[in-house]
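The block underneath contains the structure these notes are about, expressed in structure tokens.
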Amino acid sequence: MRMYDLINKKKNKGELSKEEIEFIVEGFTKGDIPDYQMSAFLMAVCLNKLSHEETAYLTIAMANSGEQLDLSKIHGVKVDKHSTGGVGDKTSLILSPMVASLGIPVAKMSGRGLGHTGGTIDKLESIPSFSTELNSEQFVDNINRIKMAIVGQSANLAPADKKIYALRDVTATVDNMSLIASSIMSKKLASGADVIVLDVKTGSGAFMKKYEDSLALAKEMVQIGTLAGKPTYAIITDMNQPLGRAVGNALEVKEAIETLYGHGPEDLLEVSVILASYMLLGAGKVKSADEGRELLLETIKNKSALDKMAEFVRAQGGDSEFVYNPELLKLASIRYDVKSPFDGYVSEILTDEIGMASLVLGGGRATKDSKIDLSVGIIINKKLGDKVSKNETLATLYASDDEKRKEAKKRLINAYVISKDKPKRPPYIYSVVTKDGVKEI
Ligand code: URA
């Protein structure tokens with residue numbers, strides 16, 4: 001087999017066999033297939049799509065490309081949650097301690113930023129000396145002891161995805177349903193959790209901008225999880241504006257902690273709670289998502305989720321003082337208010353542009369090897385449906401470099417559409433997809 005022929009086949013809308021997909025995944029993982037050929041193949045996939053069968057073969061080949069984690073030494077039903085990627089999406093930092101504080105083990109493998117979206121691992125690294133690299137013994141041990149660990153995808157876990165993910169990030173080949181589904185599900189299958197909860201984003205900041213596409217992605221992933229024998233739930237949530245108000249690594253950690261204190265934005269709390277409630281349901285802790293909701297809200301009121309977050313930070317080498325005192329987190333020194341050019345209502349937010357503004361400030365990667373500035377970002381002051389007067393602050397930029405600040409400002413102004421008529425605010429949550437069908441919320 002030759003990679004050239006397989007690229008050509010997909011370019012001409014051909015259907016690849018299981019063996020051909022395995023050849024690509026194995027060859028790329030070993031380094032026999034170079035980045036430039038893989039990039040051409042990924043672009044052909046974006047343009048001509050993969051069938052359900054091809055997507056399933058790709059998922060399994062990536063899951064089998066490295067070690068399969070054995071979590072059998074962890075007591076209880078292990079639950080994991082994964083997001084398709086959003087702007088300001090810091091729900092993992094909120095729901096993991098909530099669920100763990102209720103005694104359910106959270107075994108989380110998280111990613112770094114991808115395209116205009118942020119990643120949990122980058123965010124956590126804004127806590128000084130916090131380590132996202134635990135070996136599998138430490139991972140299992142921490143979960144048994146404190147019910148929670150969040151680590152980066154180890155080099156040995158679905159290494160094919162790790163390499164492909166980094167290449168997609170810089171070749172504009174992220175937003176394809178099959179590539180997203182196989183990337184997420186290969187990691188989930190290899191990482192050994194018993195229950196999988198997926199947060200499938202929809203809207204202007206999501207990779208899937210239309211609800212129907214997000215629904216198709218949710219169904220595809222639930223089907224893959226179910227075939228693999230794992231209870232899988234997908235919640236479709238809104239990404240027509242950043243989730244919460246903070247975008248950028250340290251700023252997002254700070255907002256997550258404020259949410260655990262009970263002072264967080266409502267949309268962020270609601271999305272975190274619904275995802276966590278399905279984690280509890282899947283783990284058999286509650287009989288309904290509504291029952292889960294009550295228990296979860298209590299973990300905020302009685303501060304057990306906040307204390308769990310502090311315990312988790314300590315267990316992974318960080319200083320829990322940053323949890324009890326999030327103002328200590330280092331934030332960039334240039335603060336700049338971006339003002340509204342008109343009177344009116346915020347009728348649309350081009351959320352991926354907000355993500356790009358944060359990336360331009362240095363909060364995300366422009367190339368595979370870029371280093372992230374964890375202290376930069378954006379605080380959103382005006383959200384969809386809000387009234388705004390001329391010269392009122394739309395958002396505040398946190399920058400370390402004035403040139404970057406200027407470019408981010410341009411992007412931010414372009415991201416806001418202000419109109420005369422008051423628009424409807426989008427819902428926070430649209431629907432829940434399970435193996436039994438779709439439930440509208
Ligand atoms: N998250 C992943 O892990 N992979 C994707 O492709 C998109 C979001």
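The condition (being touching a residue at least 24 places away in the same chain (Cβ under 8 Å), of a type in the set (Asp, Glu) and over 17 Å from Asn381 (Cα atoms)) is satisfied by just one residue among Glu252, Glu258, Glu270: Glu270.
Across the stretch 150-161, the qualifying residues are those that are crowded, with 23+ Cβ neighbours inside 10 Å and over 19 Å from Asn249 (Cα atoms), and the one among them that is nearest to the ligand (Cβ to nearest atom) is Asp161. Just one of (1) crowded, with 21+ Cβ neighbours inside 10 Å; (2) among the β-branched types (Val, Ile, Thr); (3) closer than 28 Å to Gly318 by Cα fails for Ile21. It is (3).
Whether any residue in the stretch 88-98 is among the basic types (Lys, Arg) and in the same structural domain as Leu275 (by TED's automatic domain parsing) is what I want to check. Yes: the stretch 88-98 contains one or more residues that are among the basic types (Lys, Arg) and in the same structural domain as Leu275 (by TED's automatic domain parsing). Counting the residues of the stretch 274-285 that are open to solvent by 10 Å² or more (accessible area, probe 1.4 Å) and aliphatic (A, V, I, L, M) gives 3. Considering only residues that are surrounded by fewer than 21 Cβ atoms within 10 Å (Cβ to Cβ) and part of a helix (DSSP H, G or I), which ones fall in the stretch 62-75? Within the stretch 62-75, none qualify.
Table: residues versus (1) part of a helix (DSSP H, G or I); (2) more than 22 Å from the chain's Cα centre (by Cα); (3) touching a residue at least 60 places away in the same chain (Cβ under 8 Å); (4) over 17 Å from Lys123 (Cα atoms).
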| site | (1), (2), (3), (4) |
| --- | --- |
| Met356 | yes, no, yes, no |
| Lys371 | no, no, no, no |
| Leu374 | no, no, yes, no |
| Lys383 | no, no, yes, yes |
| Lys390 | no, yes, no, yes |
| Ala395 | no, yes, no, yes |
| Glu407 | yes, yes, no, yes |
| Pro423 | no, yes, yes, yes |
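Taking into account only those residues within the stretch 188-218 that are within 13 Å of the ligand (Cβ to nearest atom) and of a type in the set (Ser, Thr, Tyr), which is farthest from Val45 (Cα to Cα)? Checking each candidate, the answer is Ser191. In the stretch 425-438, the qualifying residues are those that are in contact with a Leu (Cβ under 9 Å, 6 or more places away or on another chain) and under 20 Å from Leu268 (Cβ atoms), and the one that is least open to solvent (accessible area, probe 1.4 Å) is Ser431.
Considering Ser39, Ser51, the condition of being within 16 Å of the ligand (Cβ to nearest atom) and surrounded by fewer than 23 Cβ atoms within 10 Å (Cβ to Cβ) is satisfied by Ser39 alone. Within the stretch 54-86, the residues that satisfy the criterion of being touching a helix residue (DSSP H, G or I) at 6+ places or on another chain (Cβ under 6 Å), under 25 Å from Lys123 (Cβ atoms) and away from the ligand (no atom under 13 Å from the Cβ) are Gly66, Ile74, Val79.
So that you can scan it fast, the table gives a plain yes or no per residue for (1) in the same structural domain as Glu252 (by TED's automatic domain parsing); (2) crowded, with 16+ Cβ neighbours inside 10 Å; (3) modelled with pLDDT of 95 or more; (4) within 30 Å of Gln223 (Cα to Cα):
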| site | (1), (2), (3), (4) |
| --- | --- |
| Leu361 | no, yes, yes, no |
| Thr367 | no, no, no, no |
| Ile372 | no, yes, no, no |
| Val388 | no, yes, yes, no |
| Asn391 | no, no, yes, no |
| Ala415 | no, yes, yes, no |
| Glu440 | no, no, no, yes |
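Against the numbered list (1) assigned by TED's automatic domain parsing to the domain that holds Ala283; (2) hydroxyl-bearing (Ser, Thr, Tyr); (3) over 21 Å from Ser96 (Cβ atoms), Tyr165 comes up short only at (1).
Show me the helices (runs of 4 or more DSSP H) found entirely inside the stretch 76-147 where at least 1 residues are over 21 Å from Ser183 (Cβ atoms), touching a residue at least 12 places away in the same chain (Cβ under 8 Å) and open to solvent by 10 Å² or more (accessible area, probe 1.4 Å).
Values: elements: 92-101, 120-124, 136-146.
Answer list for the stretch 76-147: 92-101, 136-146.
Residues satisfying the criterion are absent from the stretch 173-187 (criterion: open to solvent by 10 Å² or more (accessible area, probe 1.4 Å), in a loop (DSSP other than H, G, I, E, B), in contact (Cβ under 8 Å) with a residue 60 or more places away in the chain and more than 11 Å from the ligand (Cβ to nearest atom)). Residue count for the stretch 337-357, restricted to those that are among the polar types (S, T, N, Q) and open to solvent by 10 Å² or more (accessible area, probe 1.4 Å): 1.
The values are calculated or read from the model by the stated rules, or taken from the named source; none is laboratory data. Please read all numbers here as calculations on a predicted model, not as lab measurements. No Cβ is skipped: glycine too gets one built from the backbone with ideal geometry, and neighbour counts run over all protein chains shown. These accessible areas exclude ligands, DNA and RNA; they are computed on the full protein's heavy atoms, side chains included. Shrake-Rupley method; radii C 1.70, N 1.55, O 1.52, S 1.80 Å.
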